[in-house]
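The values are calculated or read from the model by the stated rules, or taken from the named source; none is laboratory data. Just so we're clear, the structure is a prediction, and the values are computed from it rather than from any experiment. Positions of Cβ are generated from backbone atoms using ideal geometry, with glycine treated the same way; all protein chains shown enter the neighbour counts.
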Amino acid sequence: MTPATIEDVEQRLRERKYIGDRALATSIFLALKLEKPLFIEGEAGVGKTEAAKVMADVLGARLIRLQCYEGIDLAHAVYEWNYPRQLLHIRLLDAGDDRRVAEREIYSPEFLLRRPLLDAIDNDDLTPPVLLIDEIDRSDEEFEAFLLELLSDFQVSIPEIGTIKAKRAPFVVITSNRTREVHDALKRRCLYHWIDYPDLEKEVEIVRARAPEAAGELAREVAALVQGLRGMDLYKVPGVSETLDWARSLAALGATRIDPTLVNATIGAALKYQEDLERVREQVPALVEKARGA
């Protein structure tokens, strides 16, 4: 069921342990109301993809995810023809008129292999699906250009069949880690929202909601420790997802507080580059002391 108010969006997100803010709830509400795609940008690990997953649950809708990557094309994103089945269909018929008819029939919907974008546009779901186009910044400009038609009119053109238009528009969420700038033409078709790293109190709330096994002071100390790491000159600072992994790792070891030995043993949950590990290990005692006092 579609949320009726911004407050309803906020409440339903929290019920599913997604700790957002009113600005995000407002963007989601307007995207649903106006039937426009929502473009969510931010650093890796701040909850962009999770927002789409949670909204699928909120709406009671199917989540269709397209993971972008360099070189993604229509065959992987929209559709391709089932060539083996087409060939078999022709070979099963004689070489007469039936064969010529078959050659025309093979370019029909039953021979299509439906990929995520076509699946989101052409479906009979009772509730329109949530289409997650994840990490659009990993794709190239040619793929962005193709998306313009889909995002403008919620339709897909297939030369052999024609234009397939959505009966009801899916709720589209596009995410970007901003590894490159996405073209303005695509952004203009969307509502835009930036998700930043949370402050300490919000991150503590997120850890307690998503990693309840991090009992006692552990949630606050881990969140404070990560906040300290984000203030350092690192190649890749940890996101909220790394905070949660670190809290769960420490909890799995039975920790209720942090100490330098535990931090050094589990720091790979938060930092993923050797250069960062070496830079941080020298400062672990001071970071732990500061986090325990937060």
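Look at the stretch 170-189: where a residue is under 19 Å from E70 (Cα atoms) and touching a residue at least 60 places away in the same chain (Cβ under 8 Å) and a partner is part of a helix (DSSP H, G or I) and among the polar types (S, T, N, Q), sitting 6+ places away or on another chain with Cβ atoms under 6 Å, you get T175/T49.
Report the residue count in the stretch 171-186 for those that are of a type outside the set (S, T, Y) and surrounded by fewer than 18 Cβ atoms within 10 Å (Cβ to Cβ). Give the derivation first.
Let us first name the residues in the stretch 171-186 that are of a type outside the set (S, T, Y), namely 171-174, 177-178, 180-186.
Filter once more, keeping what is surrounded by fewer than 18 Cβ atoms within 10 Å (Cβ to Cβ): 178, 180-181, 183-185.
Final tally of qualifying residues: 6.
Here R12 meets each of (1) surrounded by fewer than 21 Cβ atoms within 10 Å (Cβ to Cβ); (2) closer than 30 Å to L234 by Cα with one exception, condition (2). Annotation: of all residues in the stretch 40-58 being of a type in the set (G, A, S) and either at negative phi or in contact with a Lys or Arg (Cβ under 6 Å, 6 or more places away or on another chain) (or both), the one that is modelled with the lowest pLDDT is A44.
Restricting attention to the stretch 1-20, the residues that are more than 20 Å from V240 (Cα to Cα) and not in a helix (DSSP H, G or I) total 5.
Each row is one residue, and each column tells you yes or no for (1) within 17 Å of V204 (Cα to Cα); (2) more than 24 Å from the chain's Cα centre (by Cα); (3) modelled with pLDDT of 95 or more.
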{"site": "L250", "(1), (2), (3)": "yes, yes, yes"}
{"site": "L253", "(1), (2), (3)": "no, yes, yes"}
{"site": "Y273", "(1), (2), (3)": "no, no, yes"}
{"site": "D276", "(1), (2), (3)": "no, yes, yes"}
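Right, G45: part of a loop (DSSP other than H, G, I, E, B), closer than 29 Å to P109 by Cβ and out of contact with any strand residue (DSSP E or B) (no Cβ under 8 Å at 6 or more places or on another chain) or not? Write out each step before concluding.
Working: part of a loop (DSSP other than H, G, I, E, B): yes; closer than 29 Å to P109 by Cβ: no; out of contact with any strand residue (DSSP E or B) (no Cβ under 8 Å at 6 or more places or on another chain): yes.
For G45, the condition - part of a loop (DSSP other than H, G, I, E, B), closer than 29 Å to P109 by Cβ and out of contact with any strand residue (DSSP E or B) (no Cβ under 8 Å at 6 or more places or on another chain) - is not met.
Being modelled with pLDDT of 95 or more, surrounded by fewer than 20 Cβ atoms within 10 Å (Cβ to Cβ) and not β-branched (V, I, T) is not true of G293. Just to be sure before I move on: is L150 crowded, with 17+ Cβ neighbours inside 10 Å, closer than 23 Å to E70 by Cα, at pLDDT 95 or above and not aromatic (F, W, Y) in the structure I sent? Criteria not met by L150.
Residue-wise test of (1) within 21 Å of V240 (Cβ to Cβ); (2) in contact with a Cys (Cβ under 9 Å, 6 or more places away or on another chain); (3) among the small types (G, A, S).
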| site | (1), (2), (3) |
| --- | --- |
| L132 | yes, no, no |
| D140 | no, no, no |
| L147 | no, no, no |
| L151 | no, yes, no |
| I161 | no, no, no |
| A214 | yes, no, yes |
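Checking each residue in the stretch 77-94 for being closer than 17 Å to D122 by Cβ and surrounded by 17 or more Cβ atoms within 10 Å (Cβ to Cβ) picks out A77, V78, Y79.
Taking the criterion of being among the basic types (K, R) and more than 19 Å from the chain's Cα centre (by Cα), would at least one residue in the stretch 205-215 satisfy it? Working first, answer last.
So the first thing to find is which residues in the stretch 205-215 are among the basic types (K, R), and the list is 208, 210.
Now narrow it down to the ones that are more than 19 Å from the chain's Cα centre (by Cα): 208.
Yes, that holds for at least one residue.
Only strands (runs of 3 or more DSSP E) whose full extent lies in the stretch 142-215 are considered here, and the ones with at least 2 residues that are farther than 22 Å from K53 by Cα are 155-158, 162-165.
Scanning the stretch 231-260 for residues that are surrounded by 15 or more Cβ atoms within 10 Å (Cβ to Cβ), touching a residue at least 24 places away in the same chain (Cβ under 8 Å) and in a helix (DSSP H, G or I) yields V240, S241, E242, T243, L244, D245, W246, A247, R248, L250, A251.
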